Structure formats: structure tokens, C-alpha cells
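Structure first, commentary second.
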Amino acid sequence: MRFSLPKALGYFVGGRWTAWGGRKRIEAKQLRNLRRLVEKARRDSPLFRRLYADVPPSRDVELHDLPVTRKPDLMRDFDDWLTIRSLPLDRAREHLRDIRNAGVPIGDVAVFQTSGTSGEPAVIVLPSSFVEYYFGIMMARFERYHWKLIGDVRKLGVRVTVTGGNGHFAGNAFNKLVHRLSPALARGLGLNFVEAEQPIDRLVDRLNAIPNVAWIVTYPSMLTILARQKEAGRLRIEPALFSVGGETLTNDLRERVGRAFPSLKYGIADFYGCTECLALSFECSHGRKHLNEDWVILEAVDEAMQPVPDGTLSATVLLTVLANEVQPFIRYDLGDCVRFHQDSCPCGSPFRSFQVEGRQATLVRVGEVTLSPLVFDLEHENAQRIQLVQTAEKDFELRIQLTDGAAAGAVFQDVITSVQRVFRDNGLDDVAVRQSGKLPEFTASGKFHEVVPLRSAEARNMTSSGRRQPATD
């Protein structure tokens with residue numbers, strides 16, 4: 001596996017050219033890429049050859065002609081899914097079982113895994129061309145604002161990624177892959193890595209020990225932890241920029257972080273992507289998320305998989321990744337809730353913009369009632385971390401990591417009372433919330449979810465306060 005700078009520049013030039021042509025050129029490029037991918041999939045993937053047996057010829061195919069695909073079905077037929085025959089699932093999983101292989105390619109491809117928060121973890125296979133696409137297309141979307149931002153931040157200090165280090169997840173393994181494929185590029189980006197799973201005190205000490213931390217890349221859940229540590233005076237770093245992704249960033253958290261870190265000259269960049277497509281979108285100078293439509297298709301659909309109008313919140317989204325011909329993701333049910341903007345963006349970009357309203361894996365369902373995790377107030381002055389875990393439809397357990405010297409009984413009672421009030425306010429009087437002796441846990445990819453819904457609690461491979469748990473798959 002090799003990284004080609006000329007090919008990355010090709011994506012950059014092509015991305016610029018497509019944007020200059022406006023909507024007409026974007027839609028034409030998207031359709032050409034879709035038909036090319038469909039032809040490749042039906043020719044070289046036995047699974048898609050079967051799926052597309054009754055689909056019109058590739059040169060005439062339209063998006064709505066293609067069936068919806070889902071992770072469990074694709075993973076079940078993994079050996080027939082890829083367009084290469086040299087990587088059976090057994091070999092991929094053997095590679096993933098050894099953490100020392102993180103970022104190490106297998107021949108001409110790199111292998112990652114998702115955290116499995118909504119079910120079985122997926123095995124993701126990326127060719128060299130996707131790495132070249134990632135860097136080329138993201139640079140193609142830069143405005144003058146972004147070039148100035150990158151230049152200023154590099155002068156101020158280093159970039160640090162705080163994410164899961166106990167698995168082959170994108171935040172960890174992709175950085176290692178870039179170091180391996182292009183050390184010069186990695187040095188230029190100033191890539192440093194800190195494991196999110198370690199105890200908070202150790203995490204804070206590690207960040208404080210890094211000189212001139214100017215830019216931190218992490219999850220919103222970790223951003224909450226960093227803000228608390230900054231407010232308490234334990235975290236001394238003065239970054240100019242945070243970049244987050246993988247979870248929903250709320251306005252309340254954005255405002256809180258802004259107060260805690262007055263050094264944030266460039267605020268918080270909120271990126272939307274996934275392991276299946278790292279360069280799914282970009283954030284413009286006006287803070288809107290824009291879809292990389294020449295290489296990505298994102299369909300906002302209802303529960304019947306029918307398109308919803310712009311301005312309407314979707315039940316889920318269907319993802320088509322046009323930049324990965326090795327592992328076709330075509331009309332792939334991603335499970336997130338998005339809302340496309342009806343108006344054009346003030347930044348002038350011709351690419352459609354959208355909001356991410358939530359991720360399905362984080363919603364709590366109790367009978368006919370669905371609750372956002374944001375309705376729960378899971379903070380206490382005598383607790384470092386608090387986690388509410390749904391163990392059955394109407395049963396929840398509360399896990400708390402106390403501050404030194406705090407009385408457990410009083411803290412648990414305060415938080416249980418607060419949680420039960422939320423349930424009562426939503427007509428749920430028969431929900432049980434009990435104290436747990438377990439400590440709050442991270443997901444395998446290093447995310448910290450304050451609220452863990454039932455299906456996520458059942459499916460997740462988690463780490464507890466830095467301790468590795470056995471894999472569930």
C-alpha cells in the first residue's frame with residue numbers, strides 16, 4: 001500500500017474544478033461516479049452481482065434503482081462483498097485481533113473496525129486511493145479562512161488527537177496508517193496521540209506535559225470531560241482550536257467549552273463522518289456542514305426508506321461512498337438523523353449543507369417514548385464521571401466515578417432523583433433507576449457516552465477506566 005502525492009493532488013484539482021462548475025457539474029460528476037461504482041460492484045463483487053441481477057444496465061442506472069443495504073447483511077456475506085478476493089473475513093479479523101497491527105496495511109489495503117455501538121462491529125477496508133481522496137478532497141474544500149486557520153494554529157503549537165487507543169478504530173489506526181505511508185505528511189500535520197480510556201488524572205497530566213497544545217481532535221463526550229477539568233483548574237492547556245466528530249455536538253456544550261477555554265481563537269470545528277467514509281463532509285467558514293457530493297451521496301429518508309423534503313428531519317440516512325471501489329457502500333443504512341438546509345449557505349459553496357440532529361444509537365426508548373440523552377442532567381460537583389445505562393426496557397443503572405472524599409450515598413441519591421424526575425416529566429412513572437457498583441465505561445473506540453441505551457449496552461465492547469474488556473465479537 002502506497003500513498004501517492006500526485007494522485008492526492010489529482011483529487012484536489014478535480015474537486016476544485018467540480019465546485020467551480022456549480023450544481024450542474026457536481027450532479028454530473030456524482031452520477032458518473034455512481035455508475036462507475038455500480039459497474040465495478042456488479043462485475044467484481046459476487047454479493048452485488050446477486051443484488052443487482054434485476055437492476056438496469058450500469059450506464060443507465062439511477063440511485064433509486066438500487067436496493068438499500070444494511071451492515072448485518074453485508075457483514076454476513078463479507079467474503080462476497082469485497083471486489084477483491086484476497087481478504088476473507090477470517091484473515092481480516094485475525095489481523096484486527098492484534099493491536100500491534102493498528103495502521104498496518106494488509107497488502108494493498110488497510111483494515112479498520114467500527115465501535116459497534118448500534119450492533120455488530122463492521123470491518124472496514126480502505127484502498128490507497130481512499131487515503132489520497134481523503135487528503136485531496138478535504139484540501140479542495142478549504143476556503144481562505146481554513147488556510148489561514150491551519151497556518152496560524154501550526155505556528156502556535158502542536159495537534160493532539162484524544163481518542164480510543166485499544167482498537168483498530170479510525171481515530172487511532174488512521175493516524176498510524178498516515179505515519180506509515182507518509183512520515184513527512186504526518187510530521188507536517190503535527191500528529192500526536194493520547195489515549196482517551198486512561199484515568200482522568202493521568203489524561204490531564206499527559207496533556208499538561210505536552211508543550212504548546214494548539215489543536216485538539218476528539219469526541220464531544222471527551223470535550224465535556226476536558227471542559228470540566230479546565231473549569232476545576234486542573235487542565236492548563238490553552239488550545240486555539242478543537243475539532244470534534246463521531247457524536248452530536250450541542251449548542252450548550254459549545255458555549256460551555258467557549259467559556260472554559262477563552263484561548264479558542266478558532267472555536268470548535270464540528271465534522272461529520274464515519275469510519276465507512278472519513279471525508280463525508282466539510283465545515284465551512286459559517287459553521288455549516290456541507291456534503292462532498294461529487295464523491296459521497298447522503299439520502300435523508302423516512303422509516304419506509306423514502307426521501308424526505310429538505311428541512312425535514314430524517315428517520316435515517318443512506319450513505320453511498322463513491323471513493324471506495326474495494327468495499328462498496330451503496331445506499332448503506334447509516335442510522336443517523338439529519339436535516340438538509342432549505343436555503344443556500346452564506347459561504348457560497350454549491351455543495352448542499354445539513355444538520356445532524358442525532359445518532360440513532362444514542363436515543364433511549366422506553367415503551368412508546370423516545371428520549372434524547374440530552375434531557376438528562378448527569379453532572380454533580382462530587383463526581384468525575386456519571387453514566388446512565390439502560391439494562392432493560394424500564395430498568396436503568398447509575399454508574400458514578402466519585403471525586404476524592406465524596407460520600408457515595410448522597411451523590412447517587414441526588415442523581416437518581418434528577419433522572420427519575422426526567423422520566424416522570426415524560427409520563428414514565430414505572431421506570432426503575434438503581435445504584436451500580438460498576439465504574440463508568442468507554443466504548444471500545446474511546447467515546448464516553450453519559451447515557452447508554454439498551455441496544456448499545458448489549459452490543460458494545462467497552463473499556464472501564466482504562467481496563468481492557470474481552471471482545472464480544
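The values are calculated or read from the model by the stated rules, or taken from the named source; none is laboratory data. Bear in mind the structure is a predicted one, so any value in this text is a computation, not a measurement. For neighbour counting, all protein chains shown are included, and Cβ atoms are generated from backbone atoms with ideal geometry for every residue, glycine included. Ligands, DNA and RNA are excluded from the accessible area calculation, which covers all protein heavy atoms including side chains. Shrake-Rupley method; radii C 1.70, N 1.55, O 1.52, S 1.80 Å.
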Open item on the list: Assuming 0.36 nm per residue, please report the length gained on full extension of the stretch Thr391 to Asp429 beyond their Cα-Cα distance.
Closed with: 12.0 nm
TODO: Towards the positive end of the charge dipole of region 1-116, with charges on Cβ (+1 Lys, Arg; -1 Asp, Glu), say which of Gly14, Leu74, Leu96 has the farthest Cα.
DONE: Gly14
Task: Within region 283-369: Cβ-based charge dipole about Cα centre, in debye rounded to nearest 20 (Lys, Arg +1; Asp, Glu -1) - done: 180
Task: Angle in degrees between helix 408-425 and the longest Cα principal axis of the chain, rounded to the nearest 10 - done: 60
Task: Dipole magnitude of the chain about its Cα centre (Cβ charges: Lys, Arg +1; Asp, Glu -1), debye to nearest 20 - done: 1920
Task: Heavy-atom SASA rank of Lys40, Lys148 (probe 1.4 Å, accessible area, largest first) - done: Lys148, Lys40
TODO: Give me the distance between the Cα centres of region 376-421 and region 68-140, rounded to whole Å.
DONE: 37
Open item on the list: For the full complex of protein chains and a 1.4 angstrom probe, list Trp295, Trp20 by accessible area with the highest value first.
Closed with: Trp20, Trp295
- [ ] Considering Cα pairs under 8 angstrom that are at least six residues apart, work out the relative contact order of the chain and quote it in whole percent.
- [x] 15
TODO: Taking the Cα centre of region 1-66 as origin, work out the dipole magnitude from +1 charges on Lys and Arg Cβ and -1 charges on Asp and Glu Cβ, in debye rounded to 20.
DONE: 360
Task: Point-to-point label distance, Arg206-Arg93, nm (Cα→Cβ direction, 7 Å offset) - done: 2.9
- [ ] With runs of 4+ DSSP H residues as the only contributors, calculate the mean residue ellipticity of the chain at 222 nm using -39,500 (n - 2.57) per run, divided by the residue total and rounded to the nearest 500.
- [x] -10000 deg cm²/dmol
- [ ] Grab the other residues whose beta carbon is less than 9 angstrom from that of Ser314, score K and R as +1, D and E as -1, and report the net.
- [x] -3
- [ ] Please determine, in degrees from 0 to 90 and to the nearest 10, the orientation of helix 5-20 with respect to the longest principal axis defined by the Cα atoms of the chain, where the helix direction is its Cα long axis.
- [x] 90
Task: Simple label model, 7 Å out from Cα along Cβ direction - Lys155 to Arg339, nm - done: 4.0
Open item on the list: If you fit an axis through the alpha-carbon atoms of helix 200-209 and take the longest principal axis of the Cα set of the chain, what angle between them do you get, 0 to 90°, nearest 10?
Closed with: 60
- [ ] Just list whichever of Lys29/Lys289; Lys289/Lys394; Lys176/Lys230; Lys29/Lys155 have alpha carbons separated by over 27 Å in the model shown.
- [x] Lys289/Lys394; Lys176/Lys230; Lys29/Lys155
TODO: With a 1.4 Å probe and all protein chains in place, put Arg256, Arg339, Arg154 in order of accessible area, largest first.
DONE: Arg154, Arg339, Arg256
Task: Contact order normalised by residue count of region 16-139, Cα under 8 Å, 6+ apart, percent - done: 15
Open item on the list: Less than 14 Å Cβ to Cβ from Ser128, Lys/Arg counted +1 and Asp/Glu -1: what total charge do the surrounding residues give?
Closed with: 0
Open item on the list: Rounded, prolate or oblate, given the Cα gyration tensor of region 181-268, with a/c below 1.5 counting as rounded?
Closed with: prolate
TODO: Kindly rank 197-207, 23-33 from highest to lowest mean number of other beta carbons found within 10 Å of each residue.
DONE: 197-207, 23-33
Open item on the list: Please give the Cα centre distance for region 199-222 versus region 313-350, rounded to the nearest Å.
Closed with: 31
Open item on the list: Restricting to Cα pairs below 8 Å that are 6+ residues apart, what does the relative contact order work out to for region 25-79? Please round to a whole percent.
Closed with: 30
Task: Leading residue at positive end of dipole, the chain (Cβ point charges), from Phe135, Gly273, Ala407 - done: Phe135
